[in-house]
Amino acid sequence: AAARDLSFYYGAKQALKSISLPIYDKRVTALIGPSGCGKSTFLRCFNRMHDLYPGNRYEGEIRLYPDDVNLLAPEVDPIEVRMRLSMVFQKPNPFPKSIFENVAYGLRIRGEKRRSVLMDRVEEALKGAALWTEVQDRLDDLATTLSGGQQQRLCIARALATDPELLLFDEPTSALDPIATASIEELIHELREK
């Protein structure tokens, strides 16, 4: 992917000014800067989250390869964009559903109904998020019964289950203790290899 001359406006206020940045395949790209400089705003442009609020507008492009589509083009459906990308937020946001259904959610939205396929993909995603061994015997428990670090790894599993082309992380460890933070940082490095 690549941002090309990307600007973003909250109404009349310009929040991003002409950003051009390549996002390389199978690499971790980190955005570093002071609070309020636009890091989250930039990330949210990729999955068109700003479309949810009136008065917001984009200029420039975000190209997604290999098909070289501009994610910000008016004819591109934001729902289709969100099908190709996944985002994990600063604060864990599990759905008020079981652990299994949290991870299977995106697959069900895409029309997958076969229990065997759902089970395989959920297990694979939970393993990918280093959570499987902790929850394999309680997949029907509510996700809200998990600890904060486990909930964040569950949200990562939910993001992984749909096999996204790009994973967006918005400070996913800021609300976690050092041990949970280290496990998620290690997980991000492992994901890079996949």
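Annotations
- Taking the Cα centre of the chain as origin and assigning +1 to Lys and Arg Cβ atoms and -1 to Asp and Glu Cβ atoms, the resulting dipole is close to 360 debye.
- Accessible surface, per residue, of the chain when the full set of protein chains is kept, probe 1.4 Å, Å²: 55
- The chymotrypsin sites (Phe, Trp or Tyr not before Pro) of the range 1-89 that DSSP puts in a loop, and whose beta carbon has at most 13 other beta carbons within 10 Å, are TYR24.
- Whole-Hz ³J(HN,Hα) from phi, Karplus 6.51 cos²θ - 1.76 cosθ + 1.60, for the range 135-151, glycine and proline x: 10, 4, 9, 9, 5, 8, 6, 5, 4, 6, 7, 7, 5, x, x, 5, 4
- Taking every alpha-carbon pair under 8 Å whose residues sit at least 6 apart, the chain reaches a relative contact order of 23 percent.
- Given the alternatives (1) 0.97; (2) 1.16; (3) 1.00, Rg/Rh (Cα atoms, Kirkwood Rh) as computed for this entry is given by (1).
- Taking a straight line from the alpha carbon of LYS26, these lysines sit under 18 Å away, with near neighbours fewer than eight places off in the same chain left out: LYS194.
- A crude spin-label estimate for the pair GLU165 and ARG27, with each label 7 Å from Cα along the Cβ direction, gives 1.8 nm.
- Exposure rule at most 15 other beta-carbon atoms within 10 Å, DSSP loop GluC sites (Glu not before Pro): the chain longest free segment: 1-74
- Couplings 3J(HN,Hα) of the range 157-163, computed from phi: 4, 4, 5, 6, 4, 8, 6 Hz, in residue order, whole Hz [Karplus 6.51 cos²θ - 1.76 cosθ + 1.60, θ = phi - 60°; x for Gly and Pro].
- Percent carbon-and-sulfur accessible area, the chain, ignoring ligands, DNA and RNA, probe 1.4 Å: 52
The values are calculated or read from the model by the stated rules, or taken from the named source; none is laboratory data. This one's a predicted model, so the numbers in the text were calculated from it and none came from an experiment. So basically every Cβ, Gly included, is an ideal-geometry build from the backbone, and we count neighbours across all protein chains shown. With ligands, DNA and RNA removed, areas are computed over all heavy atoms of the protein, side chains included. Shrake-Rupley method; radii C 1.70, N 1.55, O 1.52, S 1.80 Å.
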